[in-house]
Amino acid sequence: MNPIPASGAAPTPTRRIAQILANPVYDQRVVVRVRVTFHLEGNEYLVSDSSGQILADADHPHLYTLRLPIGAMVTMEAEVDIYRGRPELDILRVWLPNHTVIVIPRVVE
């Protein structure tokens with residue numbers, strides 16, 4: 001199973017990272033415009049905007065590999081998760097600079 005590439009215009013961002021960090025709401029769906037700053041491991045990335053930095057995770061690296069371009073500005077649709085007391089983003093979709101959309105497969109657990 002791999003992320004599904006598609007195409008289309010990115011939605012308008014609904015949140016800034018500082019807003020998410022200041023008031024994380026579990027499972028809240030957000031759209032953020034961020035720079036991919038660092039690949040941690042698997043499907044985990046650090047992303048940032050001018051207001052802050054947050055971990056963004058596509059889960060299940062054993063099922064598929066998400067490759068995001070380091071340094072690129074992308075739009076992400078995600079759900080806010082709180083892991084070990086810290087907010088992070090569970091990525092649902094990513095709009096790349098070339099207008100490709102990566103849809104993250106939902107895995108039923």
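The values are calculated or read from the model by the stated rules, or taken from the named source; none is laboratory data. Just so we're clear, the structure is a prediction, and the values are computed from it rather than from any experiment. Positions of Cβ are backbone-derived with ideal geometry, glycine not excepted, and every protein chain shown enters the neighbour counts. Side chains included, ligands, DNA and RNA excluded: accessible areas come from the protein's heavy atoms. Shrake-Rupley method; radii C 1.70, N 1.55, O 1.52, S 1.80 Å.
Annotations
- Just so you know, in the range 39-51 the residues that are among the small types (Gly, Ala, Ser) and more than 18 Å from residue 81 (Cβ to Cβ) include one that is surrounded by the most Cβ atoms within 10 Å (Cβ to Cβ), and it is 51.
- The single residue among 32, 94, 36 that is touching a helix residue (DSSP H, G or I) at 6+ places or on another chain (Cβ under 8 Å), touching a residue at least 24 places away in the same chain (Cβ under 8 Å) and buried (at least 19 other Cβ atoms within 10 Å of the Cβ) turns out to be 32.
- Cβ pairs under 7 Å, 6+ apart, first in the range 44-58 and free of Cβ contacts under 8 Å to residues at least 24 places away in the same chain, second of a type in the set (D, E, K, R) and open to solvent by less than 40 Å² (accessible area, probe 1.4 Å): 44/57
- Options 64, 26; residue that is open to solvent by 80 Å² or more (accessible area, probe 1.4 Å) and either more than 12 Å from residue 91 (Cα to Cα) or in a strand (DSSP E or B) (or both): 26
- For the range 62-73, a residue qualifies if it is in contact with a strand residue (DSSP E or B) (Cβ under 8 Å, 6 or more places away or on another chain) and free of Cβ contacts under 8 Å to residues at least 60 places away in the same chain, and the qualifying residues are 68, 69, 70, 71, 72, 73.
- Residue that is modelled with the lowest pLDDT [pool: residues in the range 1-20 that are crowded, with 17+ Cβ neighbours inside 10 Å and over 13 Å from residue 94 (Cβ atoms)]: 15
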